[in-house]
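Engineer: There's a structure below that I have some questions on.
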Amino acid sequence: MKPRRVGMSRGYEEMDGANVPRPPGSTAAAAPGVDPTVGMTANPASPTAASGTMLAGAAPEFELASVSVVPDDTYTVTQAVNALGFGWFQVKLSLCVGLCWMADSMEMTILSVLGPALHCDWGITRYQQALVTTVVFLGMMLSSTFWGHLSDRYGRKPALTLCGVLLFLYGLLSSVAPSFGWLLLLRGLVGFAIGCVPQSVTLYAEFLPTKQRAKCVVLLDCFWALGACFEVALALAVTPTLGWRWLLGLSAAPLFIFAIITPWLPESARYHVTSGQSDKALNTLEQIAKDNRRPMLLGRLVVEGPSGSRGSLKALLGSSLRRTTLLLWFIWMSCAFCYYGLVLMSTELFGGKNKTIVDAAGMMADDGVSADCQPLATTDYMDLLWTTLAEFPGIFATIYVIEKFGRKKTMALQFLFYAGCVLMITVTEVRVFLTIILFMARGVIAGLFQAAYVYTPEVYPTALRSVGVGGCSALARLGAMATPYIAQVLFQSSIWSAVTVYGIFAACASVACMLLPYETRGADLAH
């Protein structure tokens with residue numbers, strides 16, 4: 001096959017292995033009937049369409065069977081990903097990223113079980129229970145921007161590899177913590193490593209064709225829901241007999257598997273292009289073509305748009321992105337505040353029904369069990385499992401709504417629906433009705449979180465995508481840090497006050513969604 005020719009295209013930057021900049025005033029003659037998005041000919045009657053591209057000494061039939069073409073013999077990563085479509089490459093990546101997402105979910109879900117278990121085992125107070133949750137999110141908040149910066153500077157793959165190793169190490173060490181202080185430190189380090197997990201969504205989104213991107217990113221939440229359900233089932237099987245230490249140790253197993261498979265993760269072709277490594281980007285695109293059994297595009301791979309400041313937090317607050325960034329920070333903070341608040345409130349609602357007084361308040365009984373202990377019974381775990389399963393219908397409903405109404409309206413409607421559900425908690429104490437209300441609220445807030453994960457990578461340019469997602473994730477952890485003191489402390493004294501706080505935050509976030517300046521439905525990832 002003929003080597004790629006040096007093409008010329010206005011508006012692209014010069015890079016190794018790419019085209020030479022077009023002189024000012026010159027024009028490009030695009031082949032008639034060519035769709036630049038997918039790189040396939042649309043007018044079979046034209047001479048160019050009939051032969052793919054006019055290559056000396058090459059039979060037209062051979063060129064049609066072996067290559068796809070784009071005008072001027074140049075193409076971008078966006079065009080390549082769209083032309084190569086969704087196939088086996090994306091399926092493999094979905095499983096790898098899904099495992100990372102599942103492990104993250106397990107480490108988050110365990111917080112709703114760990115607090116009551118430590119209260120019974122070590123006699124910790126309500127504020128100490130909340131601190132166990134807060135320190136994890138503190139680590140996540142402090143590290144999110146760090147991981148985003150690292151991913152934009154050195155690549156998504158090295159950051160995720162380091163994340164997998166650290167998560168497994170700190171998760172396993174948490175199971176042998178000798179004291180409450182050591183446990184807090186190790187769980188904080190777990191949170192620090194978890195701060196990198198959103199970068200797996202960034203990597204995943206950058207390999208998805210435009211038409212499938214929203215559906216696939218939302219479907220990724222199936223792995224989160226699966227991890228949450230698996231953690232509740234594991235807690236039911238392990239905690240009553242073996243205790244919370246075994247639960248922490250066994251929960252680190254998926255992290256070990258993810259750490260092993262990270263060397264096989266592909267690096268983002270968009271990252272390679274924007275960092276000037278066009279040869280590596282071409283190798284990745286050729287691997288996609290091979291796995292998806294599609295012909296590789298013929299031409300030069302070019303940079304799509306100016307590279308700008310890679311990994312710059314300051315650029316997120318520039319004039320063009322300031323409003324979007326500030327609104328997204330508040331939306332993500334509210335989303336995490338509401339989601340994890342509901343998870344913790346569910347445990348309080350169900351576990352509170354089994355309250356037993358063993359001895360004087362604040363003292364330890366003779367058998368080592370804390371006074372005022374509230375162990376979760378089998379029925380409590382089953383109810384937690386049912387409410388967790390609500391994430392699956394919430395995911396599929398979001399897939400339909402997000403494509404029909406767009407990202408902004410979907411998130412706004414979901415925030416309002418969540419506010420209505422949590423306020424209904426105060427009108428009934430019947431366990432069945434509470435389970436149904438929590439089921440609906442859990443489903444809608446889970447879908448909302450994924451809608452935010454769809455919108456955010458779409459609205460930021462490639463050079464700022466990881467740090468943009470990382471910044472949003474950091475602010476989300478700020479909301480998650482505050483939520484234990486509402487869901488576990490304030491909730492015990494006044495249910496009405498606690499749910500009102502969540503309702504107000506959800507309503508304000510709904511307004512913020514509508515104020516976002518851009519709707520990204522049907523658009524390519526920003527350059």
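Engineer: Does region 495-509 include one or more residues that are touching a residue at least 60 places away in the same chain (Cβ under 8 Å), closer than 18 Å to residue 442 by Cβ and among the polar types (S, T, N, Q)?
Structural biologist: no
Engineer: So which helices (runs of 4 or more DSSP H) are wholly in region 77-161 and hold at least 1 residues that are open to solvent by 40 Å² or more (accessible area, probe 1.4 Å) and either at pLDDT 85 or above or in contact with a strand residue (DSSP E or B) (Cβ under 9 Å, 6 or more places away or on another chain) (or both)?
Structural biologist: Helices (runs of 4 or more DSSP H) meeting the threshold: 88-122, 126-154.
Engineer: May I ask you to list the residues in region 480-515 that are farther than 14 Å from residue 347 by Cα and among the small types (Gly, Ala, Ser)?
Structural biologist: 480, 482, 493, 494, 497, 498, 503, 506, 507, 509, 510, 512
Engineer: Looking for whichever is closer than 25 Å to residue 140 by Cβ, open to solvent by 20 Å² or more (accessible area, probe 1.4 Å) and of a type outside the set (S, T, N, Q) here; the options are 504, 495. Which one fits?
Structural biologist: Exactly one residue qualifies, and that residue is 504.
Engineer: Which number in (1) open to solvent by less than 10 Å² (accessible area, probe 1.4 Å); (2) aromatic (Phe, Trp, Tyr); (3) under 24 Å from residue 392 (Cα atoms) marks the one condition that residue 439 misses?
Structural biologist: It is condition (1) that residue 439 fails.
Engineer: Just the residues that are under 27 Å from residue 519 (Cα atoms) and of a type outside the set (A, V, I, L, M, F, W, C), please, taken from region 400-441.
Structural biologist: 400, 403, 404, 406, 407, 408, 409, 410, 414, 418, 420
Engineer: Kindly indicate which of 499, 459 is of a type outside the set (S, T, N, Q) and over 27 Å from residue 201 (Cβ atoms).
Structural biologist: Going through 499, 459 in turn, just one is of a type outside the set (S, T, N, Q) and over 27 Å from residue 201 (Cβ atoms): 499.
Engineer: Same structure again: Collect the residues in region 269-326 that are small (Gly, Ala, Ser) and either in contact with a strand residue (DSSP E or B) (Cβ under 7 Å, 6 or more places away or on another chain) or modelled with pLDDT of 80 or more (or both), keeping them in residue-number order.
Structural biologist: Hits for region 269-326 are 269, 278, 281, 289, 299.
The values are calculated or read from the model by the stated rules, or taken from the named source; none is laboratory data. Quantities reported herein were computed from a predicted structural model and do not represent experimental measurements. So basically every Cβ, Gly included, is an ideal-geometry build from the backbone, and we count neighbours across all protein chains shown. These accessible areas exclude ligands, DNA and RNA; they are computed on the full protein's heavy atoms, side chains included. Shrake-Rupley method; radii C 1.70, N 1.55, O 1.52, S 1.80 Å.
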